[in-house]
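Some notes on the structure that comes next.
Each reported figure results from applying straightforward, stated rules to the coordinates on display, with no laboratory input. Because the structure is predicted, anything quoted here is derived from the model rather than measured.
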Amino acid sequence: MSGMENGMETVTLRVNRFTPRPERGRERGGSPFARKSSPFGDSGSTRRRPRGKQWVQDYVVPARPEDTVLDCLLKVKRTIDPTLAFRYSCGHGMCGSDAVSINGTPTLLCTATVKAWAKQPSDAQVDEDGFRHTGEDVQPAQTQDADDLGVIELAPLPGFPVQRDLIADIDQMLDQIRKLKPYLQASGELATTADGKINAFEYLQNPQQLAKYELLSNCIACGTCEGSCPVYAGGEAFIGPAALIAASRFINDSRDSQTDARMDAIDSADGIAACQSVRACTRECPRGIDVGEEIWQLIAQIKER
């Protein structure tokens with residue numbers, strides 16, 4: 001039944017699929033550019049990019065322009081192909097677990113709408129070598145159905161090994177964040193009263209102190225900044241923008257007493273010095289954090305101390 005017959009438009013999801021082959025237990029080295037003496041260059045694991053079968057598969061599903069891409073994938077999973085693998089959790093852009101590449105751009109499935117991302121096929125000419133002709137006015141294909149919203153291309157998050165289909169292995173990014181101790185380390189000690197009870201106290205801040213890190217605390221570690229970064233590639237030669245934002249969040253917190261130690265941890269060749277200030281990470285942050293500017297401010301703080 002066509003989308004016109006059942007009263008609903010359709011969208012085509014063009015999914016880059018991947019099924020891994022069983023591992024044979026061989027160990028391979030990491031990046032030749034990674035500094036093995038650095039805590040970021042040596043992950044302590046033999047993680048490698050898996051090999052397996054790769055192919056592109058199209059799914060045509062009924063959809064409304066305001067539907068999210070996650071809604072469409074769930075329809076595929078439930079009614080067409082239960083083998084399709086992708087990761088999601090809250091569905092409201094708060095957990096960051098469903099980051100993928102949509103039309104080549106890292107973003108969240110649950111916040112991307114069909115209307116914003118569906119594109120119409122064009123009449124662009126492709127030569128015998130597979131190259132599209134540029135510099136010409138390209139018009140949408142005239143044979144497009146009126147009830148077809150277009151095509152959305154989906155791929156796993158760039159810069160990470162692929163586990164299956166749209167699921168990327170982000171453990172390396174999370175390991176980098178953990179190494180920077182992303183929790184408050186205050187200097188105060190809990191005192192006890194005469195009867196042995198804990199005498200609780202508060203760490204007070206004024207609005208200006210809160211404003212220095214409040215937006216940074218909204219980071220959900222989704223990995224879109226890592227997927228956008230042309231320097232980051234699995235975290236072996238560059239710690240990555242997500243870990244630097246985690247460090248900046250506590251470096252700018254007036255309650256934290258480990259500012260110098262945190263700066264020392266990222267002041268290395270494959271730490272903050274590896275950032276090339278491309279600022280691609282800023283454009284794709286779903287939480288509105290100016291990642292590139294925050295990293296630039298970190299560089300200035302390290303140079304001035």
Express the Stokes-Einstein translational diffusion coefficient of the stretch 216-305 in µm² s⁻¹, to the nearest whole number, given a Kirkwood radius over alpha-carbon pairs, 37 °C and a viscosity of 0.692 mPa s.
253
Would you mind checking which residues have amide H under 5 Å from GLU153's amide H? H placed 1.01 Å from N; only 5 or more apart, or other chain.
ARG14, ASN103
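Going through the cross-link list LYS77/LYS115; LYS53/LYS75; LYS75/LYS179; LYS53/LYS119; LYS179/LYS212, which pairs have a Cα-Cα distance over 31 Å in this structure?
Numbers: LYS77/LYS115 21 Å; LYS53/LYS75 24 Å; LYS75/LYS179 39 Å; LYS53/LYS119 27 Å; LYS179/LYS212 23 Å.
Beyond 31 Å: LYS75/LYS179.
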For VAL162, which sequence-distant residues (separation of 5 or more, or a different chain) have an amide H within less than 5 Å of its own amide H, given hydrogens modelled in the peptide plane?
ASP169
